[in-house]
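First comes the structure, then the notes that go with it.
Each value in this text was obtained by applying a stated rule to the coordinates, not by laboratory testing. This one's a predicted model, so the numbers in the text were calculated from it and none came from an experiment. So basically every Cβ, Gly included, is an ideal-geometry build from the backbone, and we count neighbours across all protein chains shown.
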Amino acid sequence: MKKLLSHLIICSILLCKTALAQDAESLVQSVRARLEKIDHYEADALLKTEIPYLKVPDAQVKVFYKRPDQIRIVNEKGISLVPRGSVNISLYSLLSSPHQALDAGKGECREIPVRIVKLLPTDEKGELVLATLFIEPKTLEVLRALITTRDNGTHTLEFYYGKNQVNDLPEKILFSFNTENFKLPKGVTFDYDDGKEKAKGPVSRRGKLEITFLKYRF
Amino acid sequence: MWPLLQIELLKIFRKPRTYISFGAIAAMVLIIQIALKFDGQSYIEFIVGDLKESLEIPYDHILNGYFVCFVILNLLLIHIPLLIALVAGDSVAGEANLGTLRLLVSKPVSRQKLLLAKFGATTVYTALLLLWMAVLALGLSLAVFGANDILIMRADGLEIVRSSDVLWRYLAAFAYAALALTTVAALAFLLSVFADNSIGPIVATISIVIVFTILSEMQIPLYDRTVKPFLFTSHMLAWKGFFYSRVNPDGTAVAGSIENLRAIGKSSLVLILYITGFLSAAMYIFNRKDILS
């Protein structure tokens with residue numbers, strides 16, 4: 001009797017997990033279906049760069065996207081330094097890659113109730129190691145994505161949706177990533193030493209890009 | 001005073017060696033421009049180092065006239081003062097060597113006015129040389145490479161200044177460079193007063209500039225507070241300060257701003273003090289000197 005009871009408990013736990021996994025996967029697929037509506041777009045955007053070793057004013061850029069994973073940020077008239085490869089701000093290719101979705105429960109993102117779903121890639125040779133999505137269940141909007149890759153560590157994408165959003169696309173994306181230190185020999189640069197004390201202490205190794213979309217074109 | 005200045009200018013520009021400086025600058029600038037035209041990407045890759053592995057580098061946008069001009073000015077840091085010393089060191093010592101100095105001071109013109117006219121002519125030469133370099137380094141670079149945002153290299157990072165915000169910085173930088181080079185001219189002028197042969201003052205000026213520049217660039221804590229702030233070569237680099245922008249609290253650059261204008265002002269005052277000091281010393285010594293040649 002005790003054995004039967006323990007077997008029953010184990011089976012029900014497994015069933016629940018399977019149900020939750022299916023639930024998580026169906027949520028992911030719903031989000032994917034929502035993103036599938038967008039085949040391509042071109043957008044005018046304002047790019048704000050916050051990288052510790054870069055001093056850059058805000059730039060007017062163009063963002064080009066073509067499903068499933070082609071995305072480019074281009075400053076046609078000037079210079080903008082954008083992280084290579086890891087700025088995949090389109091989630092469609094992430095959600096379309098072979099994965100297993102795990103329900104990580106509920107939570108809050110920017111005081112908005114969300115479902116947290118973890119994506120484990122099933123392709124062992126792929127670049128992706130783990131992705132955690134914070135999904136607003138009513139609107140199927142992804143508010144935050146924490147993406148860990150083999151080469152570039154963990155980067156965070158925060159999506160902001162405005163009241164006047166176009167075609168379910170975000171109004172603003174905040175992309176946060178790891179950076180390395182940058183140094184040039186002073187004998188190469190011949191810097192002007194203005195006598196100011198340099199800030200001591202550890203230098204931040206996180207960079208941020210803030211892309212504010214001004215106008216989408218389809 | 002004006003006729004004296006005209007005569008001194010005629011003396012300078014009548015000598016063929018004066019034009020060596022203009023030719024040398026043209027050659028150096030053209031060599032750098034040709035090198036960057038054909039292999040500028042390699043130079044940019046050297047600057048950005050490992051960043052190219054993690055950032056998309058728009059080489060074609062970076063390699064523009066403003067960037068090329070900045071590279072030229074950076075590379076010619078030592079060379080231009082040497083060309084200034086070539087003429088300034090010859091201004092009094094050259095006349096002594098030719099035997100015309102005694103004749104010159106016997107004219108009914110005070111030694112002070114004479115020296116001021118000579119220094120004025122040297123300053124005009126310096127300004128013209130700098131103007132020549134500005135036309136070639138900036139004007140020709142813009143014509144060949146076009147205009148775009150400028151990437152500024154610093155030891156601890158990179159700065160980007162928008163193209164609409166660059167030209168006024170260059171004008172200010174060249175104006176400051178004129179002050180910096182006039183300091184070198186004043187030093188060579190002072191040394192010229194001591195000598196009867198122009199080689200001595202020229203070599204002495206070059207040596208002083210090289211040694212002081214090395215001391216200014218060395219990262220030795222002992223010298224950072226005790227020696228560097230007093231070297232004129234440390235302040236000659238302040239033209240670069242016009243390209244360093246202030247930042248917002250979030251780390252983004254503020255367009256149209258200068259990071260430390262006060263420091264540039266302080267450096268320019270130091271250079272003015274040096275010029276005044278060198279010139280005053282030259283006048284004092286020349287007034288009391290027995291002209292025997």
- For chain B, longest principal axis from Cα atoms; helix B:167-194 axis from its Cα atoms; angle between them, nearest 10 degrees, is 30 degrees
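Out of the range A:111-180, which trypsin sites (Lys or Arg not before Pro) are coil in DSSP terms and have no more than 15 other C-beta atoms within 10 Å? Spell out each step's value before the answer.
Working: sites: A:Arg115, A:Lys118, A:Lys125, A:Lys138, A:Arg144, A:Arg150, A:Lys163, A:Lys172; in loops: A:Lys125, A:Lys138, A:Arg150, A:Lys163.
Counting only loop positions with at most 15 other Cβ atoms within 10 Å, the trypsin sites (Lys or Arg not before Pro) in the range A:111-180 are A:Lys125, A:Lys138, A:Arg150, A:Lys163.
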- Relative to the compact-globule estimate 2.2 N^0.38 Å (N residues), the Cα gyration radius of the range B:154-293 stands at a ratio of 1.29
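Of A:Leu174, B:Leu181, how do they rank once you tally other Cβ atoms within 10 Å and put the fewest first? Provide the component values of the computation, followed by the final result.
Working: A:Leu174 19, B:Leu181 25.
Fewest-to-most ranking of A:Leu174, B:Leu181: A:Leu174, B:Leu181.
With runs of 4+ DSSP H residues as the only contributors, calculate the mean residue ellipticity of chain B at 222 nm using -39,500 (n - 2.57) per run, divided by the residue total and rounded to the nearest 500.
About -22000 deg cm²/dmol.
Could you list B:Met1, B:Met133 in order of exposure, starting from the residue whose Cβ has the fewest other Cβ atoms within 10 Å?
Values: B:Met1 10, B:Met133 25.
Lowest to highest Cβ neighbour count: B:Met1, B:Met133.
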- Using a Förster distance of 60 Å, how high is the FRET efficiency between B:Lys15 and B:Asp60, based on the Cβ-Cβ distance and rounded to 0.05? 0.85
- Query: Any idea what angle helix B:261-288 forms with the longest principal axis of chain B, computed on alpha-carbon atoms, 0 to 90 degrees, nearest 10?
  - Reply: 20 degrees
- Query: Expressed in nm², what is the orientationally averaged projection area of the convex hull enclosing the Cα positions of chain B?
  - Reply: 17.1 nm²
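Determine, from the Cβ-Cβ distance of B:Ser280 and A:Arg110 and an R0 of 60 Å, the FRET efficiency 1/(1 + (r/R0)^6), rounded to the nearest 0.05. Walk me through the numbers before you get to the answer.
Values: r = 67 Å, r/R0 = 1.12.
Taking R0 as 60 Å, the efficiency between B:Ser280 and A:Arg110 is 0.35.
Counting other beta carbons within 10 Å of each Cβ, put A:His99, A:His40, B:His235 in order, fewest first. Intermediate values should be presented prior to the final figure.
Working: A:His99 20, A:His40 11, B:His235 27.
With the sparsest Cβ surroundings first, the list reads A:His40, A:His99, B:His235.
Using the Cα centre of the protein assembly as shown as the reference point, and only Cβ charges (+1 on K/R, -1 on D/E), how large is the resulting charge dipole? Debye, rounded to the nearest 20. All intermediate terms of the calculation are to be shown ahead of the outcome.
On the way: 56 positive and 47 negative charges, 209 e Å.
Computed charge dipole of the protein assembly as shown: roughly 1000 debye.
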- Message: Between B:Asn287 and B:Thr100, how high is the FRET efficiency from 1/(1 + (r/R0)^6) when r is the Cβ-Cβ distance and R₀ = 25 Å? Nearest 0.05.
- Response: 0.85
- Averaged over peptide A:66-79, how many Cβ atoms belonging to another chain are found within 10 Å of each residue's Cβ? 3
- Note on the protein assembly as shown: alpha-carbon gyration tensor, axes a ≥ b ≥ c; rule is a/c under 1.5 for rounded, else prolate if a/b larger than b/c, else oblate; result prolate
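Quick one: grab the alpha carbon gyration tensor of the range B:82-130, order the square roots of its eigenvalues as a ≥ b ≥ c, and give me rounded if a/c is under 1.5, else prolate or oblate depending on whether a/b is larger than b/c. Mind showing how you got there, number by number?
Numbers: a/c = 3.66, a/b = 1.58, b/c = 2.31.
Taking the square roots of the gyration eigenvalues as a ≥ b ≥ c, the range B:82-130 is oblate.
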- Task: State the Cα centre-to-centre distance between the range B:224-247 and the range B:25-97 in whole Å.
- Result: 19 Å
- Query: Given the Cα-Cα distance of B:Ile78 and B:Trp168 and 0.36 nm per residue of separation, how much length would full extension add, in nm?
  - Reply: 30.0 nm
- Query: How far is helix B:111-134 tilted, in degrees, relative to the longest principal axis of the Cα atoms in chain B, given as a value from 0 to 90 rounded to the nearest 10?
  - Reply: 30 degrees
- Query: So what is the relative contact order for chain B, in percent, with contacts set as C-alpha pairs under 8 Å and at least six apart?
  - Reply: 24 percent
